[in-house]
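Sending over a structure as structure tokens; questions will come in a sec.
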Amino acid sequence: MPKAPFVISQTRARHLWIAAQKLDSVAPFGDGPEATRAAIAHLGYVQIDTINVIERCHHHILWSRIPDYRRADLRQVQSADKSVFEYWTHALSYVPTTHLPYFIRAMKQYRETPSRWFGSVTPDEVKKMLKRLKTEGPLSIRDIGDEALVDKNHPWASRKPSKPVLEMMFYQGFVTVGARQGMLKTYDLMARHFEALPKPASHRQILTYKLDRALRSQCIVSLDSICHRDAPSKAGVKELIDSRLRRKLLVPVTVEGAEKAPHWVEPATLDTSPSEPPTLVHILSPFDPLIIQRKRLKLFFGYDHLFEAYLPAEKRKLGYFALPVLMGDRVVAVLDLKTDRQAGKLLVQKETWLEDVGAEGRVAVDEALGRFERFQFGD
């Protein structure tokens, strides 16, 4: 009979995940552009989002792990060093350029089966845009001013016909985002930006990449956490997990309180003694890798985060853009924050305390808010 899975307490599971996310130590990646590159490489991706009531989430996620983070560091690694690029993971994200081979097959699939999201973009329009980019060099939407505007057919659409053309070409791998100023993207030909494109990874190599990425950044993994918003990969990833179990490269574990959800770790994880509990206070983005997988967050932390930006104000419980406060290994509060850029202040729209942290805990959260405010108005 097979051995029963090793039981890991919910507390230790949280500690292992927080450590894998590098939220248990100060400046784990150092500082400067190399720290930004290293952080994205370790996490596997950093999500990009358009909401900017506070600093956008890609900068926020990096700052949470790099206290001396500067926005120019991300511009450096994207546009000058070219060690990260933008593409779709579970959402639009920054990804290490060394991982580009694992996305080329998806790009080719978009060429063979264009997404209906881009409406009636024609092959002729793509050819014309390719020719224009070759002739004029990298272009942003603002650079294209010689076209007739159209009516929007969706709130997120553009009146410029060139926008869906460029976006479709982005997903198809014809162009990449060579530079970004806020949410304004400058597109360049993929082959020109990277000079040489790598060979696409095989299907099995892609599955291996997804499993290894999760093990590195999550430590304890489940099929859902490995394949977040990627259900088609589950069957192949499960086969890969079974193969590693047979070779004793993975060990099945049960997270206390979640006996019906299979989890796995690498054997070395069970050989290490439990570390000291984390003590740092972080104000996290709702798109942070620790927060974005809501089911896993509730399982490990007993906290069910609500993202309510798209709900009417009267139906919100936590606020428009609520940020979880991680104190050590507990989510102790949720703060709905807004940046008043004209006044140079961070405004607390609403605060929801999930537990009593005492006077010292309140001081620690206030200090974290001060650091967060300085980040909002820093370089």
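Just so it is clear, none of the values below were taken in a lab; they were calculated from the coordinates. Predicted model only: the values in this text are computed from it and were never measured. Glycine also receives a Cβ, built like all others from the backbone with ideal geometry; neighbour counts cover every protein chain displayed.
Tell me, what HN-Hα J-couplings in whole Hz come from the Karplus equation 6.51 cos²θ - 1.76 cosθ + 1.60 at θ = phi - 60° for each residue of the stretch 25-30, using x for Gly and Pro?
Taking θ as phi minus 60°, the curve returns 9, 7, 6, x, 9, x Hz for the stretch 25-30.
Note the full-extension length gain between LYS315 and HIS90 as 0.36 nm times their separation in residues minus their Cα-Cα distance, in nm to one decimal.
Result: 78.3 nm gained on full extension.
By the scheme Lys and Arg +1, Asp and Glu -1, what is the net charge of all other residues having a beta-carbon under 13 Å from that of ILE18?
Value of the local net charge: +2.
Taking the Cα centre of the stretch 281-376 as origin, work out the dipole magnitude from +1 charges on Lys and Arg Cβ and -1 charges on Asp and Glu Cβ, in debye rounded to 20.
Around 380 debye, computed over the stretch 281-376.
OK, next. Under a 5 Å amide H to amide H cut-off, with H placed in plane at 1.01 Å, what residues pair with SER140 once short-range neighbours are removed?
Under 5 Å from the amide H of SER140: TYR187.
Can you tell me the relative contact order of the chain? Whole percent, Cα pairs under 8 Å, sequence separation 6 or more.
Values: 573 pairs, mean separation 70.1, N = 379.
The value is 18 percent.
Restricting things to Cα coordinates, could you compute the convex hull volume per residue of the chain in Å³?
Spread over its residues, the Cα hull of the chain gives 165 Å³ apiece.
Just give me a number: lysine pairs in the stretch 281-376, eight or more positions apart or cross-chain, with C-alpha atoms less than 24 Å apart.
Close lysine pairs under the 24 Å cut-off: 11.
Helix-derived [θ] at 222 nm for the chain: sum -39500 (n - 2.57) over DSSP H runs of at least 4, divide by residue count, nearest 500?
Details: 14 runs with 138 residues, N = 379.
So the calculated ellipticity at 222 nm is -10500 deg cm²/dmol.
Using the Karplus equation 6.51 cos²θ - 1.76 cosθ + 1.60 (θ = phi - 60°), what ³J(HN,Hα) coupling, rounded to whole Hz, does each residue of the stretch 222-234 give in order, writing x for Gly and Pro?
10, 4, 5, 6, 6, 10, 4, 6, 9, 4, x, 8, 4
For TRP17, TRP88, what ranking results if the residue with the fewest other Cβ atoms within 10 Å of its Cβ goes first? Before the final figure, lay out each step's value.
Details: TRP17 24, TRP88 15.
By the 10 Å Cβ count, ascending: TRP88, TRP17.
Dipole of the chain (Lys/Arg Cβ +1, Asp/Glu Cβ -1, origin at the Cα centre): which of ALA106, VAL255, SER93 lies farthest to the positive side?
ALA106
Placing unit charges on C-beta atoms (Lys and Arg positive, Asp and Glu negative, everything else neutral), compute the dipole magnitude of the chain about its Cα centre in debye, rounded to 20.
Dipole of the chain, to the nearest 20 debye: 1320 debye.
Next up: Once the dipole of the chain is set up with Lys and Arg at +1 and Asp and Glu at -1 on Cβ about the Cα centre, which of GLN342, PHE377, ILE54 lies farthest towards its positive end?
ILE54
If we restrict to alpha carbons, what Rg and Dmax does the stretch 281-376 come to, in Å?
That works out to 13.3, 40 Å for Rg and Dmax.
Give the distance, in whole Å, between the Cα centre of the stretch 162-184 and the Cα centre of the stretch 217-265.
Taking the Cα centre of each part, the stretch 162-184 and the stretch 217-265 sit 34 Å apart.
For a quick check: with amide H placed at 1.01 Å from N, whose amide H comes under 5 Å from ILE48's, ignoring anything fewer than 5 positions away on the same chain?
Distant-sequence amide H within range of ILE48: LEU92, SER93, TYR94.
Here is a further query. Within 10 Å of each residue's Cβ, count the other Cβ atoms and sort THR89, THR352 from fewest upward.
THR352, THR89
Taking only Cα atoms of the stretch 68-142, what ratio of Rg to Rh do you get with Rh as the Kirkwood inverse-distance radius?
1.02
Just flag the chymotrypsin sites (Phe, Trp or Tyr not before Pro) in the stretch 297-355 sitting in loop per DSSP whose Cβ has no more than 10 other Cβ atoms within 10 Å.
Filter output for the stretch 297-355: TYR310.
Among GLY30, GLY137, GLY319, which one shows the highest mean-square fluctuation when the chain is modelled as a Gaussian network with alpha-carbon springs under 10 Å?
The residue that fluctuates most here is GLY137.
Further question: Starting at the first residue of the stretch 135-146, write each ³J(HN,Hα) from the Karplus equation 6.51 cos²θ - 1.76 cosθ + 1.60 with θ = phi - 60°, in whole Hz, x for Gly and Pro.
7, 9, x, x, 9, 9, 4, 5, 6, 9, x, 10
May I ask for the net charge around GLU314, where only other residues with Cβ less than 14 Å from the Cβ of GLU314 are counted and Lys, Arg are +1 while Asp, Glu are -1? Can you show the working numbers first?
Working: positive: LYS315, ARG316, LYS317, LYS350; negative: GLU308.
Summing Lys/Arg as +1 and Asp/Glu as -1 gives +3.
Hey, another quick one. From the C-alpha coordinates alone, can you work out the Kirkwood hydrodynamic radius of the stretch 1-148, in Å?
Roughly 18.6 Å, rounded to one decimal.
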